[in-house]
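Written below as structure tokens is the structure these notes are about.
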Amino acid sequence: PEKQPQAVYLEAIKALGLIRDASAIPALLEVTFRVPDENSTTDIFNRTMLALASIGEPAVEPTLATFRGQNESIMKLAAEQQLDDASVKTIASQFLGALGSKKATADLVAFMPKDDCVPPDPTAKKK
């Protein structure tokens with residue numbers, strides 16, 4: 001399709017979230033990397049995150065594939081937008097958090113920095 005005004009994308013994303021059809025997942029993931037947007041609570045990223053969360057479990061595997069860098073179309077779009085792998089992982093991790101699936105736990109934990117993350121000391125006194 002031809003390039004549309006941003007409002008069209010925003011309303012389409014919102015509608016797809018309400019419809020909750022899993023066939024919309026690839027388009028929802030791609031629009032995040034295809035359409036430049038300003039950060040706000042109603043931007044494309046946030047609306048996409050809500051739409052994916054509405055679709056639920058069927059969105060987990062495609063979002064994990066994006067997180068893992070296995071979604072070729074997303075990686076190509078990200079490169080065109082000059083986004084690196086860490087940026088793609090960051091966006092996908094936020095989507096995975098909204099989805100709330102334990103299937104994402106191992107991938108997300110593996111992405112965490114190993115040297116900077118120290119579990120809290122259970123014997124330490126709370127202030």
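The values are calculated or read from the model by the stated rules, or taken from the named source; none is laboratory data. No experiment lies behind these values; they were computed from the predicted model shown. Neighbour counts run over all protein chains shown; Cβ positions are idealised from the backbone, glycine included. These accessible areas exclude ligands, DNA and RNA; they are computed on the full protein's heavy atoms, side chains included. Shrake-Rupley method; radii C 1.70, N 1.55, O 1.52, S 1.80 Å.
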*asked:* I'd like the FRET efficiency for ASP21 and ALA86, computed as 1/(1 + (r/R0)^6) with the beta carbon distance as r and R0 of 41 Å, rounded to 0.05.
replied: 0.85
*asked:* Could you work out what % of the accessible surface of the chain is carbon and sulfur, using a 1.4 angstrom probe and leaving DNA, RNA and ligands out of the count?
replied: 57 percent
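Which whole number of Å³ per residue matches the convex hull of the alpha-carbon atoms in the chain? Present the calculation step by step, with values, prior to reporting the outcome.
Values: hull volume 18.8 nm³, N = 127.
Roughly 148 Å³ of hull volume per residue.
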*Calculate the spin-label point distance for ALA7 paired with MET75, positioning each point 7 Å from the Cα along the beta-carbon direction, and give it in nanometres.*
3.9 nm
*asked:* For the chain, what does the accessible surface come to per residue with a 1.4 Å probe? Please give it in Å².
replied: 66 Å²
*Kindly point out which whole DSSP H helices in the chain project their C-alpha atoms 27 angstrom or further along the helix axis while averaging a Kyte-Doolittle hydropathy of 0.0 or above.*
none
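DSSP loop (so not H, G, I, E, B), at most 12 other Cβ within 10 Å: list which GluC sites (Glu not before Pro) in the range 1-59 pass both filters. Before the final figure, lay out each step's value.
Details: sites: GLU2, GLU11, GLU30, GLU38; in loops: GLU2, GLU38.
Passing both the DSSP loop test and the Cβ count: GLU2, GLU38.
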